[in-house]
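Working notes, structure below.
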């Protein structure tokens, strides 16, 4: 079943067209990677799905219903979680308070969801009373993911979760993303680390200056000479 579908979506910043007719789909249960250089339109795509930006034209369908004119808070309530680039935790709030903010649109079941997050990220349980601004970068990324999970998303949008993190922390976070997916959450992943993203994902898309130029099975994209040269730092075969 297709959970998310973008059809000919165009987004403008003034006279600049940031997305030029993007069409993509994410099936329920998948991890789909969205790759591309800086400025390709990856973050714009996620922000448009979550309602932070409005498309100039085209359609966005989530769970069979139009999404492009739905308010941001309602999109979250429908089950779309967004982990933005740069984490954006609330630095003067504790870990536990940040998690509670992720469930602002829900009533009940918070303790159960908090326990699930602490099970995925034991370090957050150890620091539940600590101010989020005093956490390491990796811990803040875990908190940002955990905060999104508190909304019980069916679809989790992740924007550059590995940015600025040590390789061991990146490996840990990607393993947790795999676990989250196996527990039933669909994932649309924007990631500069193309190799890590495609090893995790089922399928992938490549964006270049607002247009989709490649798509396919993640393993096929890993073997594609254009992808290997542009995003894996290898010479074309």
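Points to keep in mind about this one:
- Against the criterion of being assigned by TED's automatic domain parsing to the domain that holds residue 219 and surrounded by 20 or more Cβ atoms within 10 Å (Cβ to Cβ), residue 33 qualifies.
- If you check 149, 110, 168, 131 for being closer than 17 Å to residue 31 by Cα and either within 12 Å of the chain's Cα centre (by Cα) or surrounded by fewer than 21 Cβ atoms within 10 Å (Cβ to Cβ) (or both), only one passes: 149.
- Residue match in region 56-64 (condition: in the same structural domain as residue 8 (by TED's automatic domain parsing) and without any contact (Cβ under 8 Å) to a residue 12 or more places away in the chain): yes
- Scanning region 132-161 for residues that are closer than 18 Å to residue 33 by Cα and either in a loop (DSSP other than H, G, I, E, B) or free of Cβ contacts under 8 Å to residues at least 40 places away in the same chain (or both) returns 153, 154, 160, 161.
- In the condition set (1) loosely packed, with under 15 Cβ neighbours inside 10 Å; (2) within 17 Å of the chain's Cα centre (by Cα); (3) in a loop (DSSP other than H, G, I, E, B), residue 179 is compliant with all but (3).
- Boolean, residue 197 is under 18 Å from the mean Cα position of the chain (by Cα), buried (at least 18 other Cβ atoms within 10 Å of the Cβ) and at pLDDT below 95: yes
The values are calculated or read from the model by the stated rules, or taken from the named source; none is laboratory data. This is a predicted model, so every value here is computed, not measured. Note that we place each Cβ from the backbone using ideal geometry, even for glycine, and neighbour counts take in every protein chain shown.
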